[in-house]
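Take a look at the structure set out below.
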Amino acid sequence: MSEAQGSGARGSGARGFPAFAARRGGRARGQSFWAAQWAEAVEDVWPEEGPLKKGRSFARTGRIGPITVSPGRVAAEVYGGEETYTTQLTLTVLDDDEWDLLWERTADRPAETEALLAGDLPEDLLEAVEDARVRMLPGYGDLDADCDCDALDHPCPHATALAYQLSWLLDTDPWLLLLIRGRDAEEAVEELKSALLLRALAGDDEEDDEPYDEEAGDGTTPDDGHQRAAYARPAAALPALPPLPEPPAAPEEPLTGIEA
């Protein structure tokens, strides 16, 4: 496992995609929301226009082979004239704590949670990403490129071309952004469900431990309510005491003898 992949990558397997055919003109950047966000982030990390322009041109030539996307890595064989080069982009994989925090922040957002559970990657997920202070899109010190060509530019046109082609893949499968960071779609949804379950269980525990509010009637059982109602009734007056019994009659004097 490479340093870029890190300890956060679980059993997420690599995914392969066929090579793109040559394109004449047209946009080199993907057109969907996530594709545009990816391309913009790449251009912010690599702001020199020369390598970017060469990369956009090369991306349309059809000389990049099948693309492999895996945690922390995007790779392809590139055909440069008579030579074949191995080109790859590397990104930092989120660790387990960062994923947990991201799902906690996502669970705060019902609309985004519902969309993710339905299989969509909502645009507003970026707000949850920012709240969790993790990276989903490339950033400074986070994205790097490697190619065994002899180009003087860094990144070379092959690497920037691969970055633009990844934006084309994001047009049809934005979940690849999560795969690069260490989770495939199935793992991501299961972890979000676990975060929601833990939150529900914690909420039940808080209700059980909540002190009784006499005005609101919270935290009690029906039996508790009957007992309180009974104690709240005014005390009834005690019945009068029965009369004391009459004292017993004095016994007659016993006979001491018999008269003659």
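Coordinate-derived values only; no laboratory data. Since the model is a prediction, treat every value here as computed from it, not as a measurement. Counting neighbours? That spans all protein chains shown, and the Cβs are built from the backbone with ideal geometry, glycine included.
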For segment 15-202, compute Rg over Rh where Rg is the Cα radius of gyration and Rh is the Kirkwood radius from the inverse mean 1/r over Cα pairs. 1.01
Computed label-point distance, nm, for sites HIS154 and THR84 using a 7 Å Cα→Cβ extension: 2.7
How do the peptides 15-23, 184-192, 76-84 rank, highest first, by the average count of neighbouring beta carbon atoms within 10 Å per residue? 184-192, 76-84, 15-23
List the residues whose amide H sits under 5 Å from the amide H of ARG181, counting only those 5 or more places along or on another chain, with H placed 1.01 Å from N in the peptide plane. GLY72
From phi via Karplus (6.51, -1.76, 1.60), per-residue ³J(HN,Hα) for segment 127-137 in Hz, x at Gly/Pro: 5, 5, 4, 5, 4, 7, 6, 10, 10, 10, 8
Rounded to the nearest 0.05, what FRET efficiency do ALA21 and GLU48 have when you use their Cβ-Cβ distance and R0 = 25 Å? 0.35
Can you tell me the order of 87-98, 142-153 when each peptide is scored by its average per-residue count of other Cβ atoms within 10 angstrom, highest first? 87-98, 142-153
Long-range tail of P(r) for segment 135-181 (Cα pairs > 17 Å, %): 42
Can you give the net charge of the other residues whose Cβ lies under 11 Å from the Cβ of ALA41, counting K and R as +1 and D and E as -1? -3
